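Values in this text are rule-based calculations from the coordinates and carry no lab data. Everything quoted here is computed from the prediction, not taken from an experiment. Glycine also receives a Cβ, built like all others from the backbone with ideal geometry; neighbour counts cover every protein chain displayed.
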Amino acid sequence: MNFGNLNNRIQTLSKQTSRNSFGEQETTWNPTKTLHCRVIVKQTTRTSDQVTINTTELVVTCRYSKATSTLSPESKIKYNNELYDVDSVVDKFQNKVQVEITCHRIM
């Protein structure tokens, strides 16, 4: 992995649930860590039940760390002030050096 290509920044967000003054649950996404990474942006189209949905897909490559090991499909990523849902987190060569994160944002 050429670490000189890690010239973009993303923020990992964690979900926090609390109760408001009426007792209702509120969900907020709080930034947990900023990571240096390489980001590839793709425009894709998904079709299900004859409905076409345009999405923006990210393929994020970064170093393996404690922050990336805790990411899951329930997590979110913030890139260029836009929130993306995490689809998968893969330890690319299974040697705990490089992680590839795939995420999407529905437009």
For region 3-106, the fraction of alpha-carbon pairs in successive 10 Å shells from zero, as %: 14, 43, 27, 14, 2, 0
Test item: Cα-centred dipole of region 3-106, Lys/Arg +1 and Asp/Glu -1 on Cβ, debye: 480 debye
Computed FRET value (nearest 0.05) for Ser14 with Asn81, which takes r as the C-beta separation and R₀ as 25 Å: 0.90
Cα-Cα over 23 Å, subset of Lys42/Lys78; Lys42/Lys66; Lys76/Lys96; Lys15/Lys42; Lys15/Lys78: Lys42/Lys66; Lys15/Lys42
Dipole of region 3-106, positive end: most advanced residue of Thr70, His104, Gln16 [Cβ charges, Cα centre]: Thr70
Most to least packed among 30-39, 16-25 [average Cβ atoms within 10 Å]: 30-39, 16-25
Top positive-direction residue, dipole computed over the chain with Cβ charges, set Val39, Leu58, Asn81: Val39
